[in-house]
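Encoded as structure tokens, the structure appears first; notes follow it.
The values are calculated or read from the model by the stated rules, or taken from the named source; none is laboratory data. Fair warning: this is a prediction, and the values are worked out from it, not measured in the lab. We place every Cβ from the backbone using ideal geometry, glycine too, and count neighbours over all the protein chains shown. Quick note on the areas: whole protein, heavy atoms, side chains included, nothing else; ligands and nucleic acids left out. Shrake-Rupley method; radii C 1.70, N 1.55, O 1.52, S 1.80 Å.
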Amino acid sequence: MLGTLLGFVTNEKPSAIFKISSLKSGKGSHHPFGAMNIPQTPSVAQIGISVELLELLAQQTPVASAAVSSVNSFTEFTQKMLDNFYNFASSFAVTQAQMTPNPSEAFIPANVVLKWYENFQRRLTQNPLFWKT
């Protein structure tokens with residue numbers, strides 16, 4: 001089966017991150033915190049690796065929509081960490097009717113965490129090192 005060339009790695013360029021824009025999306029919210037109670041179906045991508053001579057590689061052109069990601073690893077880690085935190089915290093979500101009074105516990109509304117996430121994302125986009133100041 002013939003696939004779409006996303007890019008390549010060589011001894012001179014030993015790693016790369018490629019954006020895959022045409023995944024078969026699962027059901028659920030597009031925003032990471034958009035709907036807590038809708039189960040997320042993972043997206044599906046099938047990748048293949050081909051070992052080619054450099055001369056043949058130079059003749060091939062990667063698809064334009066698979067540009068190398070410009071997101072640095074720190075930013076990518078931070079975004080994944082934020083998503084993981086919210087998913088973990090929301091797994092403990094209960095409705096107000098399900099809450100049992102417990103004076104020793106504090107509850108934080110999910111929309112407060114969502115607002116924090118959006119503000120953090122905005123600041124990270126503007127200046128990835130804002131947290132150092």
Ranked by accessible surface with a 1.4 Å probe, highest first, in what order do 133, 95 come?
-> 133, 95
Accessible surface, 1.4 Å probe, highest first, among residues 56, 6 | 56, 6
What nm value, rounded to one decimal, do you get for the distance between residue 120 and residue 96 when each label is placed 7 Å out toward the C-beta?
-> 2.7 nm
Separation in nanometres of the label points that stand 7 Å from Cα toward Cβ, at residue 105 and residue 77 = 3.3 nm
Rounded to the nearest 20 debye, dipole of region 73-126 from Cβ charges on Lys, Arg, Asp, Glu = 160 debye
Simple label model, 7 Å out from Cα along Cβ direction - residue 58 to residue 11, nm | 1.6 nm
Could you check how much of the accessible area of region 73-126 is carbon and sulfur, as a whole percent, using a 1.4 Å probe?
-> 59 percent
